[in-house]
Amino acid sequence: METISSKYGALIKKSIGASKVATYITPENVYQPGELAVRPFLDQIVEELALNGSGISGAENLVALLEKARGGASCLVLPEHYSNTDLPCISYFLRKHSTAGAEVAEALVAIAGMKLNEQNPQVAAFASAFSRIVICPSRYLELYNGEKDPEERLRVIKINRASMHALDELKRQGKLILVFPAGTRYRPWDPGSKRGVREIDSYIKSFDYMCLISVNGELLKIREGDMIDDYVNNDVVRLTASPVLSCAEFRANAKLNASGADRKQAVVDAIMAKLDEMHNAAEAERQKLLDKTGGR
């Protein structure tokens, strides 16, 4: 199988040349608006790898969510996460769906980990195509031992404080905050990578409404090692957006039905269970479309 770095090396070079992204994160640059000059390169990859039948269902639900955001409500988008083309696909298919869908795509602001900016300039350039608030995830923050590297630990603490401030500002400005509840891409060799991150409960608690998005199909096959060397994969990609959900109601019901002591994790587990349900419901139809294309 061919890797994205070998198949799209020329596009990657162009995206690096077009990107102005800061590859070192400070409290002053945690909010990074999407760079429109880079987006066509991601669009080209999606166009070439996505097979006929790819697209989004339930886009009208995201349009309804955006209307609530424009009315002053704070709104979340919680998608499944299988590959680094999940966000490019969400943006691309919304923009292709309708004018209203394009408005949703432009309102999205993703929560993104620092390593997308700092680990690899190629990944950073691609990531810069979409608006983001950069954070240091708690699982990485724990790696910074205060005695071993106190300056780095202080840096990431300051970054996260600035990120939460940016989040508080943007969520009342008609933006849709996109967070992957698993916190990472699903890795088949690590079943735990599909479990929702406990901290997602804090997002749900502090927002008014949300939509979930199931992701069926992968244009990149994850592999161990550098994410720029994932395998490219022609596939039918179907995205499905849920109806608008009240965060408070969903959270209350999840806690009511919780069987364990950790009610915060129970809320996130309920999100992941709903995404699984949506994913399974969409997969049979996607397989029919895949058969028509002569795909895998």
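Just so it is clear, none of the values below were taken in a lab; they were calculated from the coordinates. What you are looking at is a predicted structure, and each value in this text was computed from that prediction instead of being measured. All Cβ positions, even for glycine, are placed from backbone atoms using ideal geometry, and neighbour counts span all protein chains on display.
Given the pairs Lys115/Lys194; Lys13/Lys194; Lys205/Lys255; Lys7/Lys115; Lys68/Lys205, which are separated by over 21 angstrom at their Cα positions?
Numbers: Lys115/Lys194 19 Å; Lys13/Lys194 32 Å; Lys205/Lys255 12 Å; Lys7/Lys115 23 Å; Lys68/Lys205 17 Å.
As for pairs spanning more than 21 Å Cα to Cα, those are Lys13/Lys194; Lys7/Lys115.
With Cα atoms defining each centre, region 86-112 and region 246-295 are spaced 21 Å apart in the structure. Computed about the Cα centre, the dipole magnitude for region 106-220 is approximately 140 debye when only Lys and Arg (+1) and Asp and Glu (-1) carry charge, each at its Cβ. With both bridge residues required to lie in the chain, what share of the DSSP beta bridges run antiparallel, to the nearest 5%? For the chain, the DSSP antiparallel bridge percentage is about 40.
Using r as the Cβ-Cβ distance of Leu36 and Met1, and R0 as 30 Å, what FRET efficiency do you calculate, to the nearest 0.05?
The formula returns an efficiency of 0.45 here.
Farthest towards the positive end of the charge dipole of the chain, among the residues Ser83, Leu154, Thr240, is the Cα of Leu154, using unit charges on the Cβ of Lys, Arg, Asp and Glu. Histogrammed with a bin width of 10 Å, the alpha carbon distances of region 228-296 distribute as 17, 32, 26, 19, 6 percent, first bin at zero.
In terms of its C-alpha gyration tensor, region 4-293 has a rounded overall shape, because the principal axis ratio a/c (a ≥ b ≥ c, square roots of the eigenvalues) stays below 1.5.
If you take every residue apart from Ala270 with its C-beta less than 14 Å away from the C-beta of Ala270, what net charge results, scoring Lys and Arg +1 and Asp and Glu -1? After counting each charged neighbour, the total is +2. All other residues whose Cβ lies under 12 angstrom from that of Tyr186 are scored, Lys and Arg at +1 and Asp and Glu at -1, for a net of 0.
In what sequence do Cys136, Cys75, Cys247 fall when counting other Cβ within 10 Å, fewest first?
Working: Cys136 23, Cys75 27, Cys247 20.
Least to most surrounded, the residues fall as Cys247, Cys136, Cys75.
The stretch between Arg187 and Lys221 holds 11.3 nm of extra length on full extension. This uses 0.36 nm per residue minus the Cα-Cα distance. Which residue, Ser54, Ala73, Thr293, has the largest displacement toward the positive end of the dipole of the chain when charges sit on each Cβ (Lys, Arg +1; Asp, Glu -1)? Farthest along the dipole direction, towards plus: Ala73.
Taking R0 as 25 Å, what's the FRET efficiency between Glu151 and Asn29 from their Cβ-Cβ distance, rounded to 0.05?
On the way: r = 18 Å, r/R0 = 0.73.
Given R0 = 25 Å and the Cβ-Cβ separation, E is 0.85.
Taking the Cα centre of the chain as reference, the dipole from Cβ charges on Lys and Arg (+1) and Asp and Glu (-1) amounts to some 300 debye.
Using a Gaussian network model of the chain in which every pair of alpha carbons under 10 angstrom is joined by a spring, one finds that among Leu65, Leu256, Leu275 the greatest mean-square fluctuation is at Leu256.
Distance from the Cα centre of region 215-243 to that of region 5-65, in angstrom? Computed from Cα coordinates, the inter-centre distance equals 14 Å. Across region 143-293, Cα-Cα distances exceeding 23 Å account for 53% of all pairs. Between Thr99 and Asn253, the simple spin-label model (points 7 angstrom out along Cα→Cβ) gives 3.5 nm.
If you take the alpha carbon radius of gyration of region 13-90 and divide it by 2.2 N^0.38 Å, what ratio comes out, to two decimals?
On the way: Rg = 15.7 Å, N = 78, 2.2 N^0.38 = 11.5 Å.
In units of the 2.2 N^0.38 Å rule of thumb, it is 1.37.
How would region 143-206 be classified by its alpha-carbon gyration tensor: rounded, prolate or oblate, with rounded meaning a/c under 1.5 and the a/b versus b/c comparison settling the rest? It is oblate, given that a/c is not under 1.5 and a/b is not larger than b/c.
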